[in-house]
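The values are calculated or read from the model by the stated rules, or taken from the named source; none is laboratory data. Note that the structure is predicted; figures quoted are calculated from it, not measured. Counting neighbours? That spans all protein chains shown, and the Cβs are built from the backbone with ideal geometry, glycine included. The area values use the complete protein model at the heavy-atom level, side chains included, leaving out ligands, DNA and RNA. Shrake-Rupley method; radii C 1.70, N 1.55, O 1.52, S 1.80 Å.
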Amino acid sequence: MQFSLISDTFEKMESTTKRLELTQYLVDLFKATPREIISKVVYLIQGKIRPDYEGVELGVAEKLAMRAISKSAGIPVKKIHEVFVEDGDLGHAASKILEQKAQTTFMVQQITTERVYDTLLKIAKLEGTRSQDMKMKYISSLLNDATPQEAKFILKLIMGTLRLGIADNTVMDALAIAYTGSRENRERLEAAYNVSSDLGRVAEEIAKHDLRGLDNFRVSLFSPIRPMLAERVKSESEAVEKLGHEFAAEYKLDGERVQIHLQDKKVVLFSRRLENITSYYPDIVENIAKSLKTTEIILEAEIVAINENTGEFLPFQELMHRRRKYDIAKIVGQYPITVNLFDVMYLNGKSLLDTTYDERRKKLEETVIENDFVRLVPRTIVRSENDLEEVLENAINAGCEGLMLKVLDAPYRAGARGSNWLKLKREYRNELGDSLDLVVIGAFFGKGRRTGRYGTLLLATYNQERDTFESICKVGTGFTDENLDQFYQILQDKVTLKKNPRIESGMEPDVWFEPEIVIEVVASEITLSPVHTTAKDVIRKGSGLALRFPKFTGKIRDEKAPEDASTDQEVITLYRNQKKITQNPAET
Ligand code: AMP
């Protein structure tokens, strides 16, 4: 298939923000794609070459890409650097440069999607001393045969800067329409995606065998399952109202969620975002099997850093010391952890997703041999609001964030946020001393001490239904000098030329970012706002909701995807709850 079909589609998608149009462009593209290469096309649309959990990375630095463009265009690297600085995106720069060249040369060969994809895969697999030169040769050979528009998207794919403004849900909608004629079958695709975390494979099966192809998807070792998520409740009484008079309350620990896959001696660990994080935790790889009475299992746990002398749980940030490629063996001893198991999804060749929570917990208890390193998350069966209050008090005293409340007879709903799991944090009980996890979508440059860095960040909530990020506040307090430097470094790479179509905001910051970084803030109150777009028109026509006096808590929530940020619905609940509290004293 000609790559121009893909680059034309990407071009059209970049110029619209309407979800229906975006979906239709994808439907047209899928219909024109030969079935054998549909998985490759889906990965490219996601800006990837393989599913995330395989950790396939191209490892091409800007300098190297510029050398490749220079070679193809016959223009010095310095000149390319100038255009790049002006443009801010290597893809745009390359297309501009090649456009000038195209006027003087003839295209010899049309470039195919297969060739682009296979070359990218080859680049990712290169290792060793000569790999940099080889990578450059591969890229420039693609550019030699590419039109300026194709070159633009090839470079965006290579540099990881392709932004089509769509989430996986839109891709699934389009696949369902293209192959089954109806968007309604999206749920079937989603079920397959939830157990495989591989949208390319889902597309391939449905393209080859229609919906029947999806029956082949089973939980399998070393393919991560998309995690089950919780809704939040604000009080014990709301929890009891929702869950009835018998449910489980587990301690909610503040660490990193991990999915552990074990078969004989092989151990693979996946993060909540389904990236392979095995290398950060060699201690789990070495010791987990000793704590289990089986050799084939998929488990879920919260990894928490501890103080070895006192046994105390340490804050989540302590785990970030493990995020390094080198010297990890040395670090392991300095930052000890505990593995706190709370679920089992697969045991001895069988999926447990359809087994009830209660049964799964029993199996977990039968299979785990507890010790200092591996433990079961403490849990209690709760039968009244009083019980619940007591357990919550105990959890807080033990250094937990709160509780996870779980319906006893509910299955494991992979990839779904629902009311079978509820989170109850201490702060939600009364005023909004509560923290929110918000997405950084823009920034204003700083003045004085903050000159040359971002002084204020623009933050957004996530709207699940519309798959958009809607602004809720600006935050400029709570930052240390170190934070300011750190934010500048992290966010510089996320700057976009124009606002990502998934962002909705009435504000115009100095720079827009890709919605990728999630940070934690606290605030004194939620108020109505004419400029912010979270919950726009819900409480009052023409108004959204905003945070008053927001403050950064110091936590960058690395482990959270932007879609895991606090939602507009959560903010509406907090707003309504706060109104109740402020009204109550007046009534009494
Ligand atoms: P939140 O990050 O606030 O949405 O809360 C959900 C997270 O709590 C999960 O992703 C887990 O990382 C964490 N967690 C801690 N303890 C538990 C538990 N007992 N059961 C499930 N998740 C837990």
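Observations
- Out of I519, I526, I539, sole residue that is part of a loop (DSSP other than H, G, I, E, B) and of a type in the set (A, V, I, L, M): I539
- Subset of region 212-235 that is within 16 Å of the ligand (Cβ to nearest atom) and not in a strand (DSSP E or B) - its residue that is most open to solvent (accessible area, probe 1.4 Å): R226
- Matching helices (runs of 4 or more DSSP H) fully within region 145-199 where at least 1 residues are under 16 Å from the mean Cα position of the chain (by Cα): 168-180, 186-196
- Qualifying residue in region 562-576 (condition: open to solvent by less than 20 Å² (accessible area, probe 1.4 Å), in contact with a Phe, Trp or Tyr (Cβ under 6 Å, 6 or more places away or on another chain) and in a loop (DSSP other than H, G, I, E, B)): yes
- Yes/no for A203 being touching a Lys or Arg at 6+ places or on another chain (Cβ under 6 Å) and either more than 16 Å from the ligand (Cβ to nearest atom) or assigned to a loop (DSSP other than H, G, I, E, B) (or both): no
- Of the strands (runs of 3 or more DSSP E) lying entirely inside region 316-414, those containing at least 3 residues that are within 13 Å of the ligand (Cβ to nearest atom) and surrounded by 16 or more Cβ atoms within 10 Å (Cβ to Cβ) span 337-347, 402-406.
- Residue that is surrounded by the fewest Cβ atoms within 10 Å (Cβ to Cβ), among those in region 521-554 that are within 11 Å of V475 (Cα to Cα) and touching a Lys or Arg at 6+ places or on another chain (Cβ under 7 Å): V522
- Criterion: small (G, A, S) and out of contact with any Phe, Trp or Tyr (no Cβ under 8 Å at 6 or more places or on another chain) - qualifying residue of S7, S95: S95
- Inter-residue pairs, beta-carbon under 6 Å, first over 24 Å from G402 (Cα atoms) and in region 313-325, second hydroxyl-bearing (S, T, Y) and assigned to a loop (DSSP other than H, G, I, E, B), 6+ apart: H321/Y335
- Test: residue in region 240-249 that is within 16 Å of the ligand (Cβ to nearest atom), assigned by TED's automatic domain parsing to the domain that holds N397 and part of a helix (DSSP H, G or I): yes
- Number of positions in region 463-493 that are within 19 Å of the chain's Cα centre (by Cα) and surrounded by 15 or more Cβ atoms within 10 Å (Cβ to Cβ): 9
- Scanning region 15-31 for residues that are surrounded by fewer than 18 Cβ atoms within 10 Å (Cβ to Cβ), part of a helix (DSSP H, G or I) and of a type in the set (D, E, K, R) yields a total of 3.
- Restricting the first member to region 390-411 and to residues that are free of Cβ contacts under 8 Å to residues at least 24 places away in the same chain, and the second to residues that are in a strand (DSSP E or B) and away from the ligand (no atom under 13 Å from the Cβ), no beta-carbon pair is closer than 8 Å while six or more apart or on different chains.
- Here I303 passes the criteria (1) away from the ligand (no atom under 16 Å from the Cβ); (2) touching a helix residue (DSSP H, G or I) at 6+ places or on another chain (Cβ under 9 Å) except the one numbered (1).
- Count - residues of region 182-195 that are at pLDDT below 95 and of a type in the set (G, A, S): 2
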